[in-house]
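What follows is a set of notes on a single structure, which appears directly below.
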Amino acid sequence: MVGAVPKLSADNRADRRPSGRRCRALRIGLISALVPLSLTLVQCGKAPNPAALAANSQANVQGGNQVVAKTHAQVASGDTFEDRFPAPQFRERFPSANESFLQRQMSDFSPKRAVQQPSPEQAPYKVASLEPQLPYKRSPRDDLTTLVSMKSSAFPYFGTNPASDAPFLNIAKGDRRGHRSYSGRVFWQDETYNDSRVLMHVPEHFDVRKPGVIVVFFHGNGATLERDVRDRQLVPKQITDSGANAVLLAPQLAVDAADSSAGKFWQPGGFKRFMAESADHLARATGDPNSARAFANMPIVIVGYSGGFLPTAWSLEVGGISDRVRGVVLLDAVYGEMDKFASWIESHRSGFFVSAYTRGTARRDRELMSTLRQKGISVAEDMDGPLRPGSVVFVETADGITHRDYVTRAWTRDPLKDVLVKMSATPALALTRVASTNPSASSR
């Protein structure tokens with residue numbers, strides 16, 4: 001019995017020898033199979049080849065820069081006037097017969113507004129209605145200067161010329177139509193009378209909840225909105241620098257042409273339709289669509305420079321909302337239509353009228369002064385005093401003041417700014433009271 005155990009153990013060891021060989025063979029097979037997989041897994045855990053990393057990194061950086069550049073370009077498109085409105089090409093400004101006029105939406109031009117903390121101290125707030133200055137803290141906002149296409153702007157125009165009751169486009173050459181001006185020169189519709197854009201400017205300090213005014217600027221001959229009204233005459237800048245609670249609308253008239261045609265402003269109610277459409281655009285520009293009603297009732301000051309006298313006179317005569325016009329400023333612009341200006345002055349004694357002139361228009365300005373004095377209307381001949389309800393001022397500017405520079409240098413530098421400052425400094429001239437009246441009460 002004692003010897004049986006070793007024998008059993010020996011048998012068992014003998015029996016296990018083949019099994020051990022099989023296990024070792026199995027282990028060798030498994031190792032052979034796992035070694036390539038292990039090498040693969042180890043390779044996956046290693047850093048990539050430096051050359052491959054550099055190539056991939058360069059590709060990613062380039063791709064990222066493209067995305068960042070694109071994003072920056074989109075943001076920058078709302079930062080400056082030049083970026084938002086690149087100089088139009090010929091086909092954009094004057095499309096062919098197979099193209100339509102390029103229409104732009106407010107969303108194309110609205111700047112990206114940065115959220116800022118209001119400064120603890122704000123400058124005194126100037127009320128455009130000549131109410132006393134009110135200290136108030138506004139929400140910070142950048143100036144907005146933009147171009148929008150409006151159906152009610154001066155052009156395109158396919159109506160008649162009221163001076164002759166003949167079609168305005170009185171020249172044809174094949175399929176092309178044009179207008180022969182008073183000088184005899186022909187201007188073509190697709191080049192000169194096809195721009196429906198309006199320059200709109202809202203200063204950063206403007207608050208629609210406060211008494212305000214809309215300044216409508218009619219430019220002179222040979223002008224464009226970008227090159228002349230914005231850059232050379234600095235009209236938006238003068239509006240902002242005045243500190244008054246005012247916004248600007250400047251429709252494009254004849255494009256860069258010696259022509260004063262009024263287009264849709266010749267039509268009865270044309271100016272009223274223009275201001276109604278503008279109210280919606282101004283409301284969207286200020287970020288509050290509900291403010292359209294306030295803009296639709298806001299008082300208006302019309303400024304006509306040079307050839308802008310014609311749309312100014314017709315807007316006063318047949319525009320449909322002359323009671324909302326609480327001020328008229330003519331800058332070397334009395335070339336005719338004196339009866340229309342005299343009629344408005346006589347029937348709107350709560351507003352003011354200012355005409356500054358050089359030798360070129362002196363004869364007509366003096367004729368208009370004489371007409372008004374015969375009607376018993378007092379006329380001042382300097383801009384030294386305040387603007388009051390019923391103020392009528394004629395100012396002859398000194399020799400050396402040129403017609404071309406008149407919008408920036410007349411009786412003073414930046415005359416539009418000076419007018420708005422005088423409005424803001426005169427409590428007696430409450431231009432905004434029209435906002436509380438029934439807008440349908442306009443009689444003309």
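Taking GluC sites (Glu not before Pro) across region 190-262, the ones in a DSSP loop with at most 15 further Cβ atoms lying within 10 angstrom of their Cβ are Glu204. In this entry, region 195-348 is assigned a mean projected area of 8.4 nm², taken as a quarter of its C-alpha convex hull surface.
Of the residues Trp344, Trp188, the one with the fewest other Cβ atoms within 10 Å heads the list, and the complete ranking is Trp188, Trp344. Applying 1/(1 + (r/R0)^6) with R0 = 30 Å to the Cβ-Cβ distance of Thr371 and Asp175, what FRET efficiency is obtained, to the nearest 0.05? My answer for the efficiency is 0.05.
Counting other beta carbons within 10 Å of each Cβ, put Leu249, Leu331 in order, fewest first.
Ascending Cβ contact count within 10 Å gives the list Leu249, Leu331.
Projecting label points 7 angstrom from Cα along Cα→Cβ for Thr402 and Val186 puts them 3.3 nm apart. I need the shape label for region 288-338. Rule: rounded when a/c is under 1.5, else prolate if a/b > b/c, else oblate, with a, b, c from the alpha carbon gyration tensor. The shape class here is prolate. Sorting Glu317, Glu367 from the fewest to the most surrounding beta carbons within 10 angstrom yields Glu367, Glu317.
Computed from the coordinates by the stated procedures, all read-outs in this text should not be read as laboratory data. Because the structure is a prediction, the values reported are computed rather than measured. Positions of Cβ are backbone-derived with ideal geometry, glycine not excepted, and every protein chain shown enters the neighbour counts.
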